[in-house]
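Asker: One structure coming up, written as structure tokens, with questions to follow.
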Amino acid sequence: MTRPPLLDPDSWAGPLQRRYALLINPFYPKDPNASFGKHMLTPTLALTSFAATTPEDWEVRYWDENLLDGRPPFRPMPELVGITVHLTFARRAFELAHWYRSRGSKVILGGLHVLSCPEECAPHADALAVGDGVQLWPRIVADVESRQLRSKYVATYENNYREDPAPRRSILPRQSFLTTTSLIATRGCHNRCGFCYLATDGLRMPYRMRDPQQIAGEFEADDQPYGVFIDNNLGSNREYLRKLCHALRPLNKIWSAAVSIDVTDDPGLIRTMALAGCTGVFVGFESLTDENLADARKKTPKTADYARRVSMLHENGIQVNGSFVLGFDHDRKDVFARTAGWVE
């Protein structure tokens with residue numbers, strides 16, 4: 001599906017319902033040849049985390065347009081609408097914001113695009129949430145209720161996020177996802193690659209780790225056989241990853257995560273990951289040219305050693321989902337064929 005659901009400008013909207021918050025993940029175009037089956041792997045962790053910090057006397061609803069369930073809810077109209085914004089679907093987020101604002105809802109925009117381009121986003125919202133939304137959301141809800149909403153709320157990522165509440169997964173349509181168990185055990189990364197959002201001007205995200213037993217308990221409580229870690233790089237701290245694996249192994253569940261290829265510096269850790277249920281890793285190889293990686297400020301093994309390291313993961317039953325960036329300064333016309341040939 002390449003078009004979002006129609007937002008009819010003439011459609012009748014229901015009455016505004018006080019203490020009702022709607023959290024929206026906007027639509028982005030799909031390539032029908034790129035996937036099959038359930039194209040939505042996991043729910044967005046940001047919105048379920050905001051739901052967890054919403055007061056109990058508020059009704060909260062989660063709506064992901066990418067589940068293709070039709071138009072977003074509007075009967076009754078929510079008093080408060082929170083929309084996450086990324087560059088890839090910013091235009092759709094702005095359309096949704098305008099539609100709800102014109103019908104009386106207060107609209108809050110947050111997410112990576114708001115963090116990097118607040119001036120662009122501001123005209124489309126009643127308020128912006130810039131930075132750690134889990135800290136900001138309770139304040140925003142309270143200010144909406146007291147009619148004292150400000151135009152901008154800012155928070156850093158310096159807080160000890162180990163004390164954040166577990167995501168509120170009870171609001172999710174569980175049957176619509178491959179798994180509802182999206183997890184985050186760490187925040188930040190030991191790399192600061194120039195093309196990554198962690199390198200955005202003004203963003204400082206210190207490396208933080210949560211208690212491995214806390215993560216294992218959250219995984220077990222969601223009662224799903226498969227979990228997805230959405231950490232920037234679960235392998236940034238190898239000793240922490242080892243402790244996490246020891247906590248996960250008794251659960252007898254399977255999981256996947258993003259790691260950098262240097263996690264294979266420790267062959268014993270790869271075996272520990274496999275025994276703990278790791279069946280797949282996402283690896284940002286980025287380039288097969290060492291000069292490109294140096295320009296991007298990525299600390300990584302030499303590209304000539306990539307194949308051996310991938311084999312190490314395969315030998316332990318761990319699939320590798322590789323990611324590449326094409327168009328670096330040291331790339332030549334053969335970069336496409338060369339990259340495809342290496343992957344094959």
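Asker: In the stretch 268-277, is there at least one residue being surrounded by 19 or more Cβ atoms within 10 Å (Cβ to Cβ), in contact (Cβ under 8 Å) with a residue 60 or more places away in the chain and assigned by TED's automatic domain parsing to the domain that holds ASN237?
Answerer: no
Asker: Any residue in the stretch 243-258 that is under 22 Å from HIS190 (Cα atoms) sitting within a Cβ distance under 9 Å of a residue that is acidic (Asp, Glu) and surrounded by 15 or more Cβ atoms within 10 Å (Cβ to Cβ)? List the pairs, counting only those 6 or more apart or interchain.
Answerer: Here the result reads ALA257/ASP231; ALA258/ASP231, each pair linking the stretch 243-258 to a residue that is acidic (Asp, Glu) and surrounded by 15 or more Cβ atoms within 10 Å (Cβ to Cβ).
Asker: Sticking with this one: Take VAL263 and tell me if it is in a strand (DSSP E or B) and either among the hydrophobic types (A, V, I, L, M, F, W, C) or buried (at least 17 other Cβ atoms within 10 Å of the Cβ) (or both).
Answerer: no
Asker: Are any of the residues in the stretch 139-147 closer than 22 Å to GLU59 by Cβ and either of a type in the set (S, T, N, Q) or in contact with a helix residue (DSSP H, G or I) (Cβ under 7 Å, 6 or more places away or on another chain) (or both)? Even if it seems obvious, please write down each step before you answer.
Answerer: Here is the first cut: in the stretch 139-147, the residues closer than 22 Å to GLU59 by Cβ are 139-147.
Still in the list and also either of a type in the set (S, T, N, Q) or in contact with a helix residue (DSSP H, G or I) (Cβ under 7 Å, 6 or more places away or on another chain) (or both): 146.
Yes, the stretch 139-147 has at least one match.
Asker: Turning to a different aspect of this structure: Based on this model, can you work out whether PRO55 counts as of a type outside the set (Asp, Glu), assigned to a loop (DSSP other than H, G, I, E, B), modelled with pLDDT of 95 or more and surrounded by fewer than 18 Cβ atoms within 10 Å (Cβ to Cβ)? Let's see the steps before the verdict.
Answerer: Details: of a type outside the set (Asp, Glu): yes; assigned to a loop (DSSP other than H, G, I, E, B): yes; modelled with pLDDT of 95 or more: yes; surrounded by fewer than 18 Cβ atoms within 10 Å (Cβ to Cβ): yes.
Criteria met by PRO55.
Asker: Going by the structure shown, is ASP290 touching a Ser or Thr at 6+ places or on another chain (Cβ under 6 Å), closer than 20 Å to PRO206 by Cβ and not polar (S, T, N, Q)?
Answerer: On the way: touching a Ser or Thr at 6+ places or on another chain (Cβ under 6 Å): yes; closer than 20 Å to PRO206 by Cβ: no; not polar (S, T, N, Q): yes.
It is false that ASP290 is touching a Ser or Thr at 6+ places or on another chain (Cβ under 6 Å), closer than 20 Å to PRO206 by Cβ and not polar (S, T, N, Q).
Asker: Say we look at the stretch 131-150 and pick out the residues that are modelled with pLDDT of 95 or more and within 22 Å of the chain's Cα centre (by Cα); which of these is nearest to ILE24 (Cα to Cα)?
Answerer: Checking each candidate, the answer is TRP137.
Asker: Looking at (1) surrounded by 15 or more Cβ atoms within 10 Å (Cβ to Cβ); (2) outside any loop (DSSP other than H, G, I, E, B); (3) under 20 Å from the mean Cα position of the chain (by Cα); (4) among the small types (Gly, Ala, Ser), which is the only condition ALA247 fails?
Answerer: (3)
Asker: Sort out for me the helices (runs of 4 or more DSSP H) sitting completely within the stretch 111-192 that have 1 or more residues that are outside the structural domain of ALA296 (by TED's automatic domain parsing), among the charged types (D, E, K, R) and surrounded by fewer than 19 Cβ atoms within 10 Å (Cβ to Cβ).
Answerer: 118-121, 133-145
Okay, residues lined up against (1) part of a loop (DSSP other than H, G, I, E, B); (2) at pLDDT below 95; (3) among the acidic types (Asp, Glu):
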{"residue": "LEU6", "(1), (2), (3)": "yes, yes, no"}
{"residue": "LEU23", "(1), (2), (3)": "no, no, no"}
{"residue": "LYS30", "(1), (2), (3)": "yes, yes, no"}
{"residue": "SER35", "(1), (2), (3)": "yes, yes, no"}
{"residue": "LEU41", "(1), (2), (3)": "yes, yes, no"}
{"residue": "PRO73", "(1), (2), (3)": "yes, yes, no"}
{"residue": "GLU79", "(1), (2), (3)": "no, no, yes"}
{"residue": "GLU95", "(1), (2), (3)": "no, no, yes"}
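Asker: Those residues that are of a type in the set (A, V, I, L, M) and more than 28 Å from VAL228 (Cβ to Cβ), I need them from the stretch 292-340; list them, please.
Answerer: ALA294, ALA304, VAL335, ALA337 - these are the residues of the stretch 292-340 that are of a type in the set (A, V, I, L, M) and more than 28 Å from VAL228 (Cβ to Cβ).
Asker: While we're here: Any idea which residue in the stretch 190-238 is modelled with the lowest pLDDT, counting only those that are in contact with a Leu (Cβ under 9 Å, 6 or more places away or on another chain) and of a type in the set (A, V, I, L, M)?
Answerer: Here the residue is LEU203.
Asker: Going by what's in this entry, would ALA307 be described as surrounded by 16 or more Cβ atoms within 10 Å (Cβ to Cβ) and touching a Phe, Trp or Tyr at 6+ places or on another chain (Cβ under 9 Å)? Walk me through how you get there before you give the answer.
Answerer: Values: surrounded by 16 or more Cβ atoms within 10 Å (Cβ to Cβ): no; touching a Phe, Trp or Tyr at 6+ places or on another chain (Cβ under 9 Å): yes.
No; evaluated as a whole, the condition is false for this residue.
Asker: Another question, then. So which residues in the stretch 282-322 are touching a residue at least 24 places away in the same chain (Cβ under 8 Å) and part of a loop (DSSP other than H, G, I, E, B), if there are any at all?
Answerer: Residues satisfying the conditions are SER287, LEU288, THR289, ALA296, ARG297, LYS298, LYS299, THR300, PRO301, ASN316, GLY317, ILE318.
Asker: Within the stretch 135-142, is even one residue out of contact with any Ser or Thr (no Cβ under 6 Å at 6 or more places or on another chain) and either over 22 Å from TYR20 (Cβ atoms) or of a type in the set (Gly, Ala, Ser) (or both)?
Answerer: Within the stretch 135-142, one or more residues are out of contact with any Ser or Thr (no Cβ under 6 Å at 6 or more places or on another chain) and either over 22 Å from TYR20 (Cβ atoms) or of a type in the set (Gly, Ala, Ser) (or both).
Asker: Right, another one. Within the stretch 203-212, does at least one residue satisfy the condition of being outside any loop (DSSP other than H, G, I, E, B), under 21 Å from THR272 (Cβ atoms) and in the same structural domain as ASP266 (by TED's automatic domain parsing)? So that I can check it myself, show each step before the final result.
Answerer: First, pick out the residues of the stretch 203-212 that are outside any loop (DSSP other than H, G, I, E, B): 208-209, 212.
Imposing the further condition that a residue be under 21 Å from THR272 (Cβ atoms) reduces the set to 209, 212.
This time we only want the ones that are in the same structural domain as ASP266 (by TED's automatic domain parsing), so: 209, 212.
Looking for residues that are outside any loop (DSSP other than H, G, I, E, B), under 21 Å from THR272 (Cβ atoms) and in the same structural domain as ASP266 (by TED's automatic domain parsing), one finds at least one in the stretch 203-212, hence yes.
The values are calculated or read from the model by the stated rules, or taken from the named source; none is laboratory data. Keep in mind the model is a prediction, meaning the values are calculated, not measured. Counting neighbours? That spans all protein chains shown, and the Cβs are built from the backbone with ideal geometry, glycine included.
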